[in-house]
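The values are calculated or read from the model by the stated rules, or taken from the named source; none is laboratory data. Only a predicted model underlies this, so the values are computations on that prediction, with no experimental measurement involved. Counting neighbours? That spans all protein chains shown, and the Cβs are built from the backbone with ideal geometry, glycine included. For the accessible areas, the whole protein counts, side chains as well, though only heavy atoms, and no ligand, DNA or RNA atoms are used. Shrake-Rupley method; radii C 1.70, N 1.55, O 1.52, S 1.80 Å.
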Amino acid sequence: ISEGHCWAAVAQDGTVKIGIDDFAKKLIGKIDDIEFPNLGMSITKGQPLFSIKQGKKSIHFNSPVSGLVSKINNDLSENISTLDYTTYEKNWITVIDADKLDTELALLKIGKNAVTYYQEEIEKYTKLIKSFIKDDSKKVSFELYWGQLENLDDKDWYSITGEFFKK
């Protein structure tokens with residue numbers, strides 16, 4: 001898992017399937033479209049790789065690895081609702097022929113480190129969402145729930161997506 005909430009599945013040949021993780025999907029909720037990278041495009045870790053669109057809003061996700069974009073998941077673009085069931089396995093967004101795995105893999109979260117990272121992100125998110133809701137008299141749930149960002153105004157929506165997904 002990358003700090004920007006992409007997952008990366010490394011194959012033996014050095015290619016890396018990349019998609020969004022459950023944390024991202026849960027916060028975003030409904031996804032209207034995906035803006036895929038260009039085939040053959042050279043990408044450096046940390047550069048914008050693809051975008052998720054919700055209405056007129058867009059979230060850019062940065063690449064967790066460097067290399068060349070070798071595939072995009074056209075099946076996903078034709079049936080985007082499959083992301084509502086799982087963001088993993090066949091619901092990858094793109095494949096990169098990675099060229100710096102030996103150094104970049106160590107920067108990804110794996111196993112217990114991934115679990116700890118998610119727990120920290122959920123705690124951080126909960127504190128941030130509480131700061132956006134000013135009326136303490138309302139009985140508002142601060143728990144993480146599916147599509148929570150959809151109900152925020154544009155300013156708060158971009159503040160949260162910038163904080164969690166543009167890493």
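Numbers below:
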{"quantity": "Flagged links, alpha-carbon separation over 21 Å, of K17/K166; K56/K127; K45/K100; K30/K166", "calculated": "K56/K127"}
{"quantity": "Cα centroid separation - the range 69-120 against the range 10-30, whole Å", "calculated": "2 Å"}
{"quantity": "On Cα atoms only, tilt of 154-165 relative to the major axis of the chain in degrees", "calculated": "40 degrees"}
{"quantity": "Where the range 4-85 is the region considered: accessible area per residue in Å², 1.4 Å probe", "calculated": "45 Å²"}
{"quantity": "Förster radius 41 Å - calculated FRET efficiency between S131 and D13 (Cβ-Cβ, nearest 0.05)", "calculated": "0.35"}
{"quantity": "Potential lengthening between N113 and S51 on full extension [0.36 nm per residue; Cα-Cα distance subtracted]", "calculated": "19.7 nm"}
{"quantity": "Solvent exposure, largest accessible area first (probe 1.4 Å, DNA, RNA and ligands not counted), of T126, T44, T87, T103", "calculated": "T103, T44, T126, T87"}
{"quantity": "Whole-number percent relative contact order across the chain, with pairs defined as alpha carbons under 8 Å at least 6 apart", "calculated": "30 percent"}
{"quantity": "Value of [θ]222 nm, deg cm²/dmol, for the chain, DSSP H segments ≥ 4, -39500 (n - 2.57) each, nearest 500", "calculated": "-8500 deg cm²/dmol"}
{"quantity": "Protein accessible area in the chain, 1.4 Å probe - carbon and sulfur %", "calculated": "50 percent"}
{"quantity": "For the chain, Kirkwood radius (reciprocal of mean inverse C-alpha pair distance, Å)", "calculated": "16.5 Å"}
{"quantity": "Cα-based helix-to-principal-axis angle, 112-132 vs the chain, degrees rounded to 10", "calculated": "40 degrees"}
{"quantity": "Computed lengthening from E123 to S58, 0.36 nm per intervening residue step minus Cα-Cα distance", "calculated": "21.0 nm"}
{"quantity": "Length released on extending from S81 to N151, taking residue separation times 0.36 nm less the Cα-Cα span", "calculated": "23.2 nm"}
